[in-house]
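The block underneath contains the structure these notes are about, expressed in structure tokens.
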Amino acid sequence: MNDASPRLTERGRQRRRAMLDAATQAFLEHGFEGTTLDMVIERAGGSRGTLYSSFGGKEGLFAAVIAHMIEEIFDDSADQPRPAATLSATLEHFGRRFLTSLLDPRCQSLYRLVVAESPRFPAIGKSFYEQGPQQSYLLLSERLVAVAPHMDEETLYAVACQFLEMLKADLFLKALSVADFQPTMALLETRLKLSVDIIACYLEHLSQRPAQG
């Protein structure tokens, strides 16, 4: 996912990124209704004309901010498949990164913002789901295919969804709801290991089933 048109110059890309960074901070601090274009211009510089030509107004800017933040939070550039990876190692590696991102304050702020604004702007909620959670499911299922090629992709996609949602369990909602909740690394590692063991055991069970037909 690119955050700038390829026709932009380097200076244009920097200006656009500065506007997105400023808008991100403003929306997270003030929400959609409380943020004005003047706030963004004051933080990032530029003009209303530049902002409108780049994003088409506040709604377009808000949608671009969502895409920009999702790209940063769910960027998979560090999660390339590793040679000779085992099933458990793949689950553990991806799961640890997912859980860490999920509990990051910026991710939680993004989630709150999307939940608050998506009833009025349904496209924003759809974009968040498709580019964020759904993309995470797809990325993990691709890695599972690489280490479990004997299993069908539909099953592995369902397994990826279940694994990542197990990791969330009560931790995500508690982090959203309880201001002083700070899960320890020991707790996170325990939950991660439990989820990995459950999924690995299930996949082992499936692999031992007699072939049908």
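Filtering segment 135-185 down to residues that are small (Gly, Ala, Ser) and not in a helix (DSSP H, G or I), which residue is nearest to Asp104 (Cα to Cα)? Applying the filter and picking the extreme gives Ala179. Of the residues that sit in segment 28-50 and are modelled with pLDDT of 90 or more and surrounded by 13 or more Cβ atoms within 10 Å (Cβ to Cβ), which one is nearest to Ser109 (Cα to Cα)? Only one residue tops the list, namely Thr35.
Scan the helices (runs of 4 or more DSSP H) fully inside segment 83-134 and keep the ones with 1 or more residues being over 29 Å from Glu59 (Cα atoms) and in contact (Cβ under 8 Å) with a residue 24 or more places away in the chain.
Those helices (runs of 4 or more DSSP H) span 87-102.
Pick from segment 98-110 the residues that are of a type outside the set (Val, Ile, Thr) and surrounded by fewer than 16 Cβ atoms within 10 Å (Cβ to Cβ): which of them is modelled with the lowest pLDDT? Once the filter is applied, the top-ranked residue is Arg106.
So that you can scan it fast, the table gives a plain yes or no per residue for (1) at pLDDT 90 or above; (2) among the aliphatic types (A, V, I, L, M):
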| site | (1), (2) |
| --- | --- |
| Gln131 | no, no |
| Pro149 | no, no |
| Ala160 | yes, yes |
| Met166 | yes, yes |
| Thr184 | yes, no |
| Ser195 | yes, no |
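No other residue among Ala169, Ala160, Ala148, Ala200 is surrounded by 12 or more Cβ atoms within 10 Å (Cβ to Cβ), at positive phi and of a type in the set (Gly, Ala, Ser) apart from Ala169. Considering segment 64-78, the residues that are at pLDDT below 70 and within 15 Å of Gln108 (Cα to Cα) include one that is surrounded by the fewest Cβ atoms within 10 Å (Cβ to Cβ), namely Ile73. Pairing each residue of segment 181-198 that is under 12 Å from Leu99 (Cβ atoms) with any residue that is loosely packed, with under 12 Cβ neighbours inside 10 Å, provided the two are 6+ apart or on different chains, yields no C-beta distance under 6 Å. A single entry from Ser127, Ser109, Ser141, Ser136 fulfils the requirement of being under 10 Å from the mean Cα position of the chain (by Cα) and among the hydroxyl-bearing types (Ser, Thr, Tyr): Ser136.
The values are calculated or read from the model by the stated rules, or taken from the named source; none is laboratory data. None of these values were measured; they are calculated from a predicted model. Heads up, the Cβs are rebuilt from the backbone with ideal geometry, glycines too, and the neighbour counts pull from every protein chain shown.
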